[in-house]
1. Rounded to two decimal places and with Rh computed the Kirkwood way over Cα pairs, what is Rg over Rh for the chain?
2. For the chain, what does -39500 (n - 2.57) per DSSP helix run (n ≥ 4), summed and divided by total residues, give at 222 nm, in deg cm²/dmol to the nearest 500?
3. Could you list 132, 158, 152 so that the one with the fewest beta carbons within 10 Å of its beta carbon is first and the one with the most is last?
4. Taking the beta-carbon count within 10 Å as an exposure proxy, list 150, 173 from fewest neighbours to most.
5. What is the mean projected area of the alpha carbon convex hull for the stretch 16-115, to one decimal in square nanometres?
6. Taking the alpha-carbon centroid of each part, what is the distance from the stretch 4-82 to the stretch 102-158 in angstrom?
7. Kindly express, to the nearest 10 degrees and within the range 0 to 90, the angle between helix 62-78's C-alpha long axis and the longest C-alpha principal axis of the chain.
8. Relative contact order, percent, of the chain when contacts are C-alpha pairs under 8 Å separated by at least 6 residues?
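Coordinate-derived values only; no laboratory data. Here the structure is a predicted model, which is why all the values come from computation and not from measurement. A quick note on method: Cβ atoms are made from the backbone with ideal geometry, for glycine too, and the neighbour counts reach across all protein chains shown.
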């Protein structure tokens, strides 16, 4: 399948959000509270590119919970049509966008032009947020220790709370997406 076919197969953001169980509330919180900067000239430049984006995601993914609402806000002001595909049901496409050539990390945003050509890829997270995640992972005990699972779950809870409340993370995602779109 080509990217146009994947785009046509994908669901709308509303359908995806309505189907969510795990991170719906947090995603909507970020969506409702993120204020996109007033950059009309930039948004007009992006509109002229007539972009669409395919989002590879899953409800359980905290990075998707953080990044998708920022993308949706940017898409609204830039007339980018967004469609969502569940990673685990679309591994043929996902495996074309592996992180470091091996990981099925999400979300992945595949920006395409009106002809269905890939013009940019973004994801799964910004450098600043990757550093935050790496720092949290370094504090974990070894995987073979008795308390690893408890400590890992505590780390995930801390990260999700941080993603939900740290507006500097939101701004970092916005700036990274903005740069990707300017570079097209």
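1. Details: Rg = 16.6 Å, Rh = 17.1 Å.
Ratio value, two decimals: 0.97.
2. On the way: 9 runs with 100 residues, N = 184.
Using -39500 (n - 2.57) per qualifying helix, the result is -16500 deg cm²/dmol.
3. 158, 152, 132
4. Working: 150 11, 173 26.
Going from sparsest to densest Cβ surroundings: 150, 173.
5. On the way: hull surface 27.9 nm².
Averaging across all directions leaves 7.0 nm² for the Cα convex hull.
6. Using only Cα atoms to place each centre, the spacing works out to 18 Å.
7. Value to nearest ten degrees: 20.
8. Details: 231 pairs, mean separation 46.0, N = 184.
Over the chain, the number comes to 25 percent.
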